[in-house]
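Here is the structure we will look at, set down as structure tokens.
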Amino acid sequence: MKDLKEKLMEYEVVIGLEVHAELTTNSKIYCNCATRFGGEPNTRCCPVCTGMPGALPVLNKKVVEYAVKAGLATNCSITRYSRQDRKNYFYPDLPKAYQTSQQDRPLCTNGYLEIEVDGLLKKVGIHRIHIEEDAGKLIHNESGNNTLIDYNRCGVPLIEIVTRPELNSSAEVKVFIEKLKAILEYTEVSDCKMQEGSLRVDINLSVRPKGESTLGNRTEIKNLNSISAIVRAIEYEAKRQIDEVKKGRKIIQETRRWDDEKGVSFPMREKNETVDYRFFPEPDLCPIIIDEAWLNEIKSSVPELPDERKNRIIAEYKLPEYDANFITGSKTLADYFEKAACKSKNPKAISNWLMGDLSKKLKENNVEITNIPVTPENLAKLVEFIDSGVISGKIAKQVFEIMWVTSGDPAEIIENKGLRVINDADEIRKVVIKVFEENPKAIEDIRKGKEKSIGFLIGQVMRKTNGKAAPDIANQLIRKELDRYFDS
Amino acid sequence: MDLTRLTISEALEKIKNKEISIIELVRSYLKQIENLNKTIGAYITVCREDCERMGPILQEKLDCGENIPLAGIPMALSDNIITRGVLTTCASKMLHNFIPQYDSTVNEKLRHSGAILLGKLNMDEFSIGSSNENSYFGPVKNPWDPERVPGGSCGGAAAAVAANMACFALGSDACGSVRQPSSFCGVVGLKPTYGLISRYGLIAFASSLEQIGPITRTVEDCAIVLNAIAGYDPKDSTSANIKHPDYTAFLKDNIKGLKIGLPKEYIEKGLQKEIKQKLCEALTVFESMGAVVEEISIPMTKYAIPAYYIIASAEASSNLARYDGIRYGYRAEDCESLEELYKKTRSEGFGFEVKRTIMLGAYFISRNCYDSYYKKALKVRRLISEDFKKAFNDIDVIITPTVPKTAFKTGRKDDPIQMCMSNIYTVSANLAGLCAISIPHGTDCNGLPVGLQLIGKPFDEGTLIRAAYAFEKNT
Ligand SMILES: [Zn+2]
């Protein structure tokens, strides 16, 4: 790491991204087939999406609306007269031998996202967003030594978001992608499930000596599908290129594949200058004309975006910026927070639970927050029980564990398991006396001035009450009892 | 009585009056096909069993009083029109075994109208050609003279209708592929306005130019078929969302005051003398009926063929890329790699003209040629459209010969320029999105049919039909 930092001092890394996001429309871009992930191979297709002779595409209007929504949410200009083009190339997963995409007149252009890295704000330009169709999937059948093709994914709508080469580190890329993901989730344009491939990132990376203005030869790393892979791939590639340049070698313009297990990338195929997709306007589809009324309709469907929500949450719930940032990083997390916080007098405590125990649980169990047994209402109740002294923070963790398993109401759990804090001084005094009787040595130690042993006594009281004794009362009573002891 | 000589309207009338039965009619066509197809080669596939099965079913429905507009009319479709469950080859080895599991909109419409599919018609492979000699299934012969070509690409369709092997046929017209063979074979051929008829299920050659069109023996039949197949189709984004009129309402023998334009560029060099003569006669006929003939100018005419060639081959190169041997159709054997499979399949599956078109088309849209060829061709196309738009400000229809020469002898297919020139009068209607009809107008000294073309404004098929009908009645 130190080594890399030194190198980065002399060289600047320049990164541009191409992000492909599958849209959450119900049907495909040019036919009525369902877009849902998975399914038996070749059960979600028809003559249109499998490019049978004579079949014709009909554009799903929702795809345009989703793409424009994404454009509006990333500060893009919306193209009012847009067009679709054919990108011609042969591959078995592409049944028409061309991908219908957009070349000259993409739906959205010239946007930006603002990111914050190490306290510094930075605008990252978005060059364009266009719509296109996804391809099928090849399944290599090792035992049969053949390749099978599943066309279910063929024709699933995608947007491709192309940034300007304005990112300069893996940290910036990470923040940018997290922010972009949040925006696409907020606008419900894509579910951004990277592990299912509904968000895929290509990285274009080059290096140049600091201060240089022309770009170096770039390499492209395709189809990265986790943020950690993206970060690692960038760091590896930056180091590789800088090492090459330092050795006086030229960077070969090429496409590389990242092997996440081995942590290395290697050349895929050479992207020489002769690759020509022979783009031309798709004659089977009409131009997309977005009039004022339609644009306004789409505009009005853009919901509150992450930054707006963050600011509102800071103002409304008095959360620290750090907390608000964390919570609004995901729409579903923010939804959960607001559902709990609006029922609570202590939103900060809710936020602590979300950032702490709850996040840990989500990670451990690999589940979505929309799918957990602990409802926001119950979490708010739990916080309320802590704040009103019904249970201690430590007990609350126990209650939470039970809630996670049984999806129970915390009030019932506390009652049934008898977890309520003991506030009754007489009851606690009985325990204290018992502890004193059983631990004469500790008391002797205290008499000799070993104050630490007081803590031991408190611990014993808590143990005997299963942690339920109100700690302040226990403390008070122990001191009173000690005084009595030493006086006698 | 030879039932195959009946026009659609005559046959419908006789079926309605129970003078003939549907199955009788269908069988006489099947017989005619059996007798002639060996020499003419119009059919690739004949649907005998389906015809025998459908005949009685339709007869029964009709006898029950159901309203079926084309009940029992035997027709045939060019083999680039998808027919569910019936071999659809595009006259190519590439699709020699392709039986679609879905249907074209026109076939669906015709089925619902009660028309009976006799079979699938020969054509130039993937619509590429003007003489119907580029077919994997062998050439089609002109019924008027088997030494001569029937025209193309829908030569089979025109020959079948001319030789009474079908009551009507549908072909597709990208530059004249319905009108030129109709002229060569002495039948009526209509190229409707782009967008009037759904292209869903038309195996694409030049998507932005081609329209399905009827080939019939009379103008009245043309109107009847057009009624059955026209109309908006949500499955075709380029189909026009408009309500079309009843075209038979235009079958009126009255064109008084009709303004007819004659483009001066169309009667210059290269025009066969007799065809020029015929054109003059036609003008006289029209004038005698009260029409007014004016000279007009379409200055961009001379660029129409090259512009067409660039656009059509560019689109074809992309449209035909999907035939790769992976999913259906012809697949080369013993291939070691994917690349070899692609190369061998496409080398062996496509005929020469198709490969030439694909190569040229790919070149025209390659990165370095796009601006100087493809983009320029689009510009020419726009200018031609403007020429016509201007002309149509003052006139109702344009009159031209359909082709500069009558049907030529077979064996000249290796002269692509000559092939293209036979579409010189027809191609502009495709570039400009207009409608146009070719109607028979007598014969030349060799006894070969001469055709007359009328070009109309977009979606003004009604006027074309009115003028063509009046002309037919008065010649
Ligand atoms: Zn589909």
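No lab work stands behind these numbers, since they all come straight from the coordinates. Small disclaimer: the values here were computed from a predicted structure and weren't measured. All Cβ positions, glycine included, derive from the backbone under ideal geometry; neighbour counts span all protein chains shown.
Points worth noting:
- Annotation note: trypsin sites (Lys or Arg not before Pro) in the stretch A:7-85 located in DSSP loop regions with a Cβ neighbour count of at most 16 within 10 Å are A:36, A:80.
- Between the listed residues A:370, B:437, A:154, the Cα displaced farthest toward the positive end of the dipole of the protein assembly as shown, a dipole computed from Cβ unit charges relative to the Cα centre, is found at A:370.
- Cβ-based charge dipole, chain A, positive-most Cα from A:435, A:469, A:283: A:435
- Think of it as helices only: each DSSP H run of n ≥ 4 in chain A is worth -39500 (n - 2.57), and spread over all residues that comes to -12500 deg cm²/dmol at 222 nm.
- For residue A:126, the amide hydrogen comes within under 5 Å of the amide hydrogens of A:111, A:112, A:113, A:164, counting only partners 5 or more places away or on other chains and with H modelled in the peptide plane.
- DSSP-assigned coil residues among trypsin sites (Lys or Arg not before Pro) in the stretch B:217-248, each with at most 16 further Cβ atoms within 10 Å: B:243
- Residues whose placed amide H lies under 5 Å from that of residue A:422, excluding near-sequence neighbours: A:469, A:470
- Summing Cβ point charges (Lys, Arg +1; Asp, Glu -1) relative to the Cα centre of the stretch B:250-302 gives a dipole of roughly 100 debye.
- Amide H partners (placed H, <5 Å) of residue A:85, local residues excluded: A:101, A:102, A:103, A:282
- Sparsely packed GluC sites (Glu not before Pro) within the stretch A:81-169, loop by DSSP, other Cβ within 10 Å at most 10: A:142
- Residue pairs, from the table A:361/A:464; B:256/B:389; A:87/A:181, whose Cα atoms sit over 25 Å apart: A:361/A:464; A:87/A:181
- Cα-projected label distance for residue A:40 with residue A:296, points at 7 Å along beta-carbon direction, nm: 4.9
- Per residue, chain B reaches -11500 deg cm²/dmol at 222 nm when only DSSP H runs of four or more residues are counted, each adding -39500 (n - 2.57).
- Under the Karplus curve 6.51 cos²θ - 1.76 cosθ + 1.60, θ = phi - 60°, whole-Hz ³J(HN,Hα) for the stretch B:267-284, x wherever Gly or Pro sits: 10, 7, 5, x, 8, 4, 4, 5, 5, 4, 4, 4, 4, 4, 4, 4, 4, 4
- Cα gyration tensor category, rounded, prolate or oblate, for the stretch A:325-364 with a/c compared to 1.5: oblate
- Whole-Hz Karplus values for the stretch A:471-480 come out as x, 5, 5, 4, 4, 4, 5, 5, 5, 4 Hz, taken residue by residue from phi with 6.51 cos²θ - 1.76 cosθ + 1.60 and θ = phi - 60°; glycine and proline positions read x.
- Judged by the ratio a/c of the largest to the smallest principal axis of the C-alpha gyration tensor, the stretch B:113-233 counts as oblate, that ratio being 1.5 or greater while a/b is no larger than b/c.
- Whether the stretch A:1-153 is rounded, prolate or oblate, judged on the alpha carbon gyration tensor where a/c under 1.5 counts as rounded: oblate
- Remark: the stretch A:70-83, residue by residue, has Karplus-estimated 3J(HN,Hα) of 4, x, 5, 6, 10, 6, 8, 7, 9, 7, 7, 10, 10, 9 Hz, where x stands for each Gly or Pro and the curve is 6.51 cos²θ - 1.76 cosθ + 1.60 at θ = phi - 60°.
- Partner chain coverage, peptide B:234-240 - average Cβ within 10 angstrom: 4
- For the protein assembly as shown, a crude dipole built from +1 on the beta carbon of Lys and Arg and -1 on the beta carbon of Asp and Glu, taken about the Cα centre, is about 1280 debye to the nearest 20.
- Taking the centroid of alpha carbons for each part, the stretch A:120-194 and the stretch A:207-250 are 20 Å apart.
- Each of A:89, A:322 was scored by other Cβ atoms within 10 Å of its Cβ. Arranged with the fewest first, they read A:322, A:89.
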